[in-house]
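Undergrad: Quick one: this structure, given as structure tokens, is what I'll be asking you about.
Each value in this text was obtained by applying a stated rule to the coordinates, not by laboratory testing. Quick caveat, the model's predicted, so the values are computed rather than measured. Every residue, glycine as well, gets a Cβ built from its backbone with ideal geometry; the counts of neighbours run over all protein chains shown.
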Amino acid sequence: MKRERKAVLCFLILVTMVTAFGFAQPKANLLVSVWAGPHADLQKRVTQEYKKDNVTIDDVDYGNLKAKQLTSFQALSGSGNYDVVWVNSQWMKEYTDAGYLLPIDDYIKSAGIDMSIYSKGLLDGCVFNGKTYGFPTFAQTLIIAYDGDVFKKEGLKAPTNAEELVSIAKYFKQKGSGIALPAKQGSGAVTLFSQLLFSDDGYYFDKNGKLNLTSKEAVYAASIYDQLVQNAVPGVLAWHHDETAEAVRMKNAPIGIIMSGLANQNSDPNKSLIVNSVKYAPLAGKNGKAAATNSFWVWAVAKNSKNPKAAFDYIAWMASPATEKKQTLADQQVSGIDALSKDPEILAKAPFLPVVMEQLANGKIDPPLANFGKLKSALIVSLSEIATTDAKPADVLAKLQQDMAGVDFSK
Amino acid sequence: MLNTAGKSGLMKRKTFELSLERGDLLPLLLMLPVLLVILFVMIIPLLYGFTMSLFDTGFGKKITSEAFIGFSNYAKFFQDPVALKAVFNTLAFSFGAIIGDLVLGTLCAVFLLQIPRFFSSALRPVVTIPLLVSPIVVGLTWRYIYDPRGILYWVLGLFGLGIQNFPGVTSSSTALLSTIIAHWWQVTPFVIIVLTAGLLAIPEELYEAAKIDGAGPVATFFRITIPQLSKVYVIILLISGVDTVKVFDIIYALTGGGPNNSSISLSIYAYSNAFEQSNLSYAMAISFMTMIITFLVFGIPFVRQNLSRSDRA
């Protein structure tokens, strides 16, 4: 009897051990590609709380991020390639066309995730041919940041449309400073141009999908851009977003057009001289309407991931309301979840959020066309020409329209 | 019969010549790892890149016979105004950078040899510091130097000058020159090190003879020092030439190729086509053209010099 009891006990111990160690799911190792920056540092901190699998985050500077992701997509599964990629919304079309990303609809269905919590405008940028390829997050848009004390002292009010913005820039230019804006030959200038274009209900293409850079809205946007550059603080022609935001923070420019993702640094006393005086306004067009170029990031699963289910679980967790709120509170990131923008706790931390949400609500995304990159590259140079020469914006855009005549924008 | 025996004897000799026992294949075996590395790391990727330039392809696209476009990317290159501007800028950068490197390097190397040993020993490690910095960091460092609130305009301000006198990276007229100056700062130390070695190898007797003949310092410099350094200059020219034609990091960090494409280089244009416009096959064609230009400008003179040297030998 004693022997039997011992045998049963041994059996139970064995069963417990086998259950605990033998059949327990081993943790998957996930390699995640993200854009380097303060947000990536935060993502690393937040990820430490994710215990389900082992996650390694590889943060790469923006200039090399896409090239590295593309290289990883070509690699064999399990050869050290990325499982999860943080994708710029403008690359989504190219990635999905090339078959680099995994459709996640089945995973979403089985996990019972309610996708309606995500901003429709942003979610649309994650869906291609009826398939969902990721969760939107980290929305960004250009907003106006200004030093409220200086404006009060000068008796100025925040600009409510493009003409007023130019007048304020001229006023400060005459006083020896000017406006700060991203005018270096690069994508920052195109974002500014397109935001001015979208704010006036303009677009790159007409209703028939034909390139329309000579529309009155496009010419007006380019002309406002030109006038802003002429009335900017010295050096803006070599500035991208970082330098522009820094100039406003360090009081080198009393007003600037900054990327919302950098606005959180204005309230950091270690980095900013305008902590208590910074104010925000929408970057509006001719009639006062402000619309963003909806630029955001997407948590997606690489198709060549060895652990697609584990990769999905991680992105679903990162894009969940709880994790998104944590990141928004810590770094004032603009989430892809609508409800968070109305959360009082978040609003207290991110005073620029109403401005951003107003612009995102009116926003448009860049067209998901295979040849849009070609147009954007050409537009970058044309805007640089407008900013640095005496060429008339209308003439430059007309020439660009002519140069792009042979490019297929139908798919 | 005799004939057959002769043939078999010949065959035997051939087999004997390639015998492993005699170690005839040893040189080939010793070279094999290097040959394999060259084959897989250099030749195959090069041929693959060239093949891609002949097809309308990109990331994720398969190379199919329908996508064959022949040499149309190369024809397009010669009709593309941005590509031609990039060729001009690349060559201008290359010549400007090399001339500055050589002039500044020679002056500094001679200066460091002329001053007391104590000072030169202290200065030499200091001047080599830029060499240890990566080109992208050099670009970022100089971005702050060229900033209107940076050190350059502070110094210019002491002389009553400002950004309107030298717009630096913000103007089409000075952007390329600004990148060349940043390159000088980084590469001149390399030239100083190599030229110092060359200067130390010049026989002292030549200078003594020149002194006896009554040659002044300038005549000695141009008639003895420079000619004696000619072989070192060729090496520097080759290394710097290849390096400058491939220039990417400094320009990318400082100007991004702007303003208005005034500082765009072939490498930046190839990068833009590959990763911003997803036009990989044209990017490959641009890269090949860069390689051909490098060979034409810097490779041929080097090959000619080597040939004439072997003729003399």
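Undergrad: Of the residues A:Lys289, A:Lys392, A:Lys175, which exhibits the maximal mean-square fluctuation in a Gaussian network model of chain A defined by a 10 Å Cα contact cut-off?
TA: For chain A, modelled as a Gaussian network with Cα springs under 10 Å, the answer is A:Lys175.
Undergrad: Which log10 I(q)/I(0) values does segment B:184-313 give at q = 0.12, 0.15, 0.17 Å⁻¹ under the Debye formula, counting every alpha carbon as one identical point scatterer?
TA: The calculated log intensity ratios at q = 0.12, 0.15, 0.17 Å⁻¹ are -0.68, -0.88, -1.00.
Undergrad: A follow-up question, please. I'd like to compare B:76-84, B:244-252, A:136-144: which one has the highest average count of other Cβ atoms within 10 Å, and what's the full order after that?
TA: Highest to lowest by the protection proxy: A:136-144, B:244-252, B:76-84.
Undergrad: For segment B:99-205, what size does the Cα cloud have along each of its three principal axes, sorted from largest down, in whole Å?
TA: On the principal axes, segment B:99-205 reaches 52, 28, 21 Å in Cα extent.
Undergrad: Work the Kirkwood hydrodynamic radius out for segment A:311-396: mean of 1/r over every pair of different alpha-carbon atoms, inverted, in Å.
TA: Every distinct Cα pair counted, the radius reaches 16.2 Å.
Undergrad: List the lysines whose Cα lies under 28 Å from the Cα of A:Lys399, skipping any in the same chain that are fewer than 8 positions away.
TA: Candidates past the 8-residue exclusion: A:Lys93, A:Lys184, A:Lys207, A:Lys210, A:Lys216, A:Lys286, A:Lys364, A:Lys374, A:Lys376, A:Lys411, B:Lys76, B:Lys85.
Undergrad: Lysines near A:Lys152 by alpha-carbon distance under 22 Å, same-chain residues fewer than 8 away left out - which ones?
TA: A:Lys170, A:Lys173, A:Lys175, A:Lys251, A:Lys279
Undergrad: Given a Förster radius of 60 Å and the C-beta distance between A:Ala322 and A:Lys173 as r, what FRET efficiency does 1/(1 + (r/R0)^6) yield to the nearest 0.05? Show your work: numbers first, answer last.
TA: On the way: r = 47 Å, r/R0 = 0.78.
E(calc), rounded to 0.05, equals 0.80.
Undergrad: How much of the pair distance distribution for segment B:177-227 lies past 12 Å, counting alpha-carbon pairs only, in percent?
TA: Cα-Cα pairs in segment B:177-227 separated by more than 12 Å: 70 percent.
Undergrad: Sort A:220-230, B:99-109, A:290-300, A:154-164 by the packing proxy (mean of other Cβ within 10 Å over each peptide's residues), most packed first.
TA: The most tightly packed comes first, giving A:290-300, A:220-230, B:99-109, A:154-164.
Undergrad: Please report, in cubic angstrom per residue, the volume enclosed by the convex hull of the alpha-carbon atoms of segment A:290-352.
TA: Taking only Cα atoms, segment A:290-352 has a hull volume of 102 Å³ per residue.
Undergrad: Could you estimate the translational diffusion coefficient of the protein assembly as shown from the Stokes-Einstein equation, with Rh from the Kirkwood formula over C-alpha pairs, at 37 °C and 0.692 mPa s, in whole µm²/s?
TA: 110 µm²/s
Undergrad: Ok, one more. What percentages, rounded to whole numbers, describe P(r) for segment A:35-86 computed over all alpha carbon pairs with 5 Å bin width beginning at zero?
TA: 4, 18, 26, 24, 18, 10, 0
Undergrad: Let me ask something additional. Report, for chain A, the % of DSSP beta bridges that are antiparallel, rounded to 5.
TA: 65 percent
Undergrad: Please state, rounded to one decimal and in Å, the Kirkwood hydrodynamic radius that segment A:46-148 gives when every pair of distinct Cα atoms enters the mean of 1/r.
TA: 16.0 Å
Undergrad: Another question, if that's okay. In whole angstrom, and with the biggest value first, how far do the Cα coordinates of chain B range along each principal axis?
TA: 100, 67, 31
Undergrad: Explain nothing, just the number: dipole magnitude of chain A about its Cα centre with +1 on each Lys and Arg Cβ and -1 on each Asp and Glu Cβ, in debye rounded to the nearest 20.
TA: On the way: 44 positive and 41 negative charges, 221 e Å.
I would put it at about 1060 debye.
Undergrad: Now for a separate question. Would you work out which of A:Trp317, A:Leu340, A:Ser305 lies farthest towards the positive end of the dipole of segment A:298-341, given +1 charges on the beta-carbon of Lys and Arg and -1 on that of Asp and Glu, about the Cα centre?
TA: In segment A:298-341, that residue is A:Ser305.
Undergrad: Quick one: Cα convex hull volume of chain A, Å³ per residue? Display every interim value, and only then the final one.
TA: Details: hull volume 66.1 nm³, N = 411.
Roughly 161 Å³ of hull volume per residue.
Undergrad: Scaled to the compact-protein estimate 2.2 N^0.38 Å, what is the alpha-carbon radius of gyration of segment B:52-152, rounded to two decimal places?
TA: In units of the 2.2 N^0.38 Å rule of thumb, it is 1.79.
Undergrad: Here's something else I'd like to know. In segment A:204-354, what is the volume of the convex hull around the alpha carbon atoms, normalised per residue and reported in Å³? List each step's numbers first, then the result.
TA: Details: hull volume 29.4 nm³, N = 151.
Measuring per residue, one finds 195 Å³ for the Cα hull of segment A:204-354.
Undergrad: log10 I(q)/I(0), Debye, Cα-only segment A:147-248, no solvent, q = 0.19, 0.20, 0.23 Å⁻¹?
TA: Computed log10 I(q)/I(0) values: -0.96, -1.04, -1.25.
Undergrad: Over segment A:140-189, consider all pairs of different Cα atoms and compute the Kirkwood hydrodynamic radius from their mean reciprocal separation; express it in Å, one decimal. Show your work: numbers first, answer last.
TA: Values: mean 1/r = 0.0826 Å⁻¹.
One decimal place: 12.1 Å for the Kirkwood radius.
Undergrad: Right, something else. Counting only complete DSSP H runs, which helices of chain B cover 30 Å or more along their long axis at the Cα atoms and score a mean Kyte-Doolittle of 1.6 or above? The partial results should precede the final answer.
TA: On the way: long enough: B:81-114 (49 Å, 1.64); B:175-200 (37 Å, 1.71).
Membrane-span-like by this rule: B:81-114, B:175-200.
Undergrad: Go ahead and set up a Gaussian network model of chain B, Cα springs under 10 Å, then flag whichever of B:Phe275, B:Phe118, B:Phe221 fluctuates most.
TA: Judging by the Gaussian network model, the answer is B:Phe118.
Undergrad: Give me the percent relative contact order of chain B, please, defined on Cα pairs under 8 angstrom at least 6 residues apart.
TA: Over chain B, the number comes to 25 percent.
Undergrad: While we're looking at this one, here's another question. Suppose we look only past 12 Å in the calculated P(r) of segment A:353-411. What percent of the Cα-Cα pairs does that tail hold? Provide the component values of the computation, followed by the final result.
TA: Working: 1244 of 1711 pairs.
Within segment A:353-411, distances greater than 12 Å cover 73 percent of Cα pairs.
Undergrad: Put +1 on the Cβ of every Lys and Arg and -1 on every Asp and Glu Cβ in chain B; which of B:Val82, B:Val245, B:Val303 then has its Cα farthest towards the positive end of the dipole?
TA: The residue sitting farthest along the positive end of the dipole is B:Val303.
Undergrad: Right, something else. Treat every Asp and Glu Cβ in the protein assembly as shown as -1 and every Lys and Arg Cβ as +1, leave all other atoms uncharged, and give the resulting dipole magnitude about the Cα centre to the nearest 20 debye.
TA: About 1380 debye.
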